[in-house]
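I have placed the structure first, in the form of structure tokens, so that the comments after it can refer back to it.
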Amino acid sequence: MEEILLNRLSTFVKEVKSLSDQALNLCQTLHENDENLESARIVRSKLKAILSRFTTELYNYFKICNDPNPDEISDLTNDQLRGEENLAELEARLAMKSEKSVMLPQQSDYSSYSKLPDLHLPEFSGNLLEWHQFWDQFTSNMNRRKLNDVDKLLYLKSSLKGDAARLIDGLETTNRNYQIAVNALKARYGKENEIVYAHHNALKKIKRAEKMEDCKGTLDEIERHLRVLQSMGENTDSNQMRFLIMEKFPTEIIYEMKIRLDSDRTESVEDILTQLSRVISVKEEARMITQESTMEGAPQYTVETLHVKETVL
């Protein structure tokens with residue numbers, strides 16, 4: 001009896017694998033070809049039915065079997081899980097197709113029904129410095145659309161790369177697991193004190209601008225980290241921060257700064273950044289004017305003049 005049930009399970013699994021592969025292929029082509037809609041609905045119904053029957057047969061097998069083979073059962077259930085994931089994705093794709101086809105009474109509500117795959121969703125690979133920007137953009141995109149949690153989890157998984165993707169890789173794509181995935185990501189990357197430390201550390205590691213043409217990029221990088229720290233309620237106006245900023249620039253820039261700044265009072269970090277921006281801009285303009293003047297005074301060579309010069313030599 002046990003062998004008969006095991007054979008039945010194997011038969012069901014073959015059908016699950018076949019329909020699961022079809023579902024996956026349809027997921028990849030559904031947004032390109034509406035002609036596949038009917039095939040997708042048929043495959044969805046068949047896969048849902050066969051997974052239900054497989055679950056029933058598996059339950060019967062465990063009730064009767066005294067010593068089930070763990071390796072065989074593992075293989076069977078892995079195919080079952082893969083089938084369930086592909087079914088969930090196919091259902092999400094079909095739901096989005098259905099939403100897109102709804103005629104909306106007001107143009108202003110269109111964004112709530114627009115097709116999510118057309119969006120350029122942000123990506124996140126586990127860099128703490130990028131967490132806030134990623135999460136704010138992702139949740140903004142999700143909240144503007146009428147999506148259930150399984151859809152959100154699909155797009156969350158597609159937006160994650162590297163370590164961040166591996167963190168939730170084992171979660172099945174279900175409604176319940178979306179919040180589990182969000183909690184796991186926030187626990188790993190959303191801790192305020194660790195993000196603050198990461199930005200302070202990044203400020204310290206910014207390389208000193210050795211040449212004038214590097215100064216603008218260095219200033220932009222400093223301001224980017226300071227803006228994030230300020231948005232998180234951090235006090236960035238300290239003597240340590242003033243010294244850290246000043247040491248990132250060449251001596252000639254610091255000299256100009258000292259002339260411009262009021263020596264009778266302690267300038268704020270904001271004042272220092274403003275003066276740095278002005279000094280760097282003036283220096284860049286002067287360098288460009290000098291380069292243009294040099295080019296205007298240089299001899300102009302043509303093919304003919306070079307040919308004549310070569311003949312004379």
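Step through the residues of the stretch 6-22 one at a time and calculate ³J(HN,Hα) from phi using the Karplus curve (6.51 cos²θ - 1.76 cosθ + 1.60, θ = phi - 60°), rounding each to whole Hz and writing x for Gly and Pro.
My calculation for the stretch 6-22 gives 5, 5, 4, 4, 4, 5, 4, 5, 4, 5, 4, 4, 5, 5, 5, 5, 4 Hz in order.
Obtain the nm distance between the two label points defined at I42 and E221 by a simple spin-label model: each point lies 7 Å from its Cα along the Cα-to-C-beta direction.
Each label point lies 7 Å from its Cα, and together they span 5.9 nm.
Within 10 Å of each residue's Cβ, count the other Cβ atoms and sort L154, L229 from fewest upward.
Least to most surrounded, the residues fall as L229, L154.
Work through the residues other than G83 whose Cβ is under 10 Å from its Cβ and net out their charges, Lys, Arg +1 and Asp, Glu -1.
Charge balance near G83 sits at -2.
Where does each of M246, M241 land when they are ranked from fewest to most other beta-carbon atoms within 10 angstrom?
M246, M241
For the residues H132, H199, what sequence is obtained by ranking on other C-beta atoms within 10 Å, fewest first?
By the 10 Å Cβ count, ascending, the order reads H132, H199.
No value in this document is a laboratory result; all are computed from the given coordinates. From a predicted model like this one, the values you see are computed outputs, not experimental measurements. All Cβ positions, even for glycine, are placed from backbone atoms using ideal geometry, and neighbour counts span all protein chains on display.
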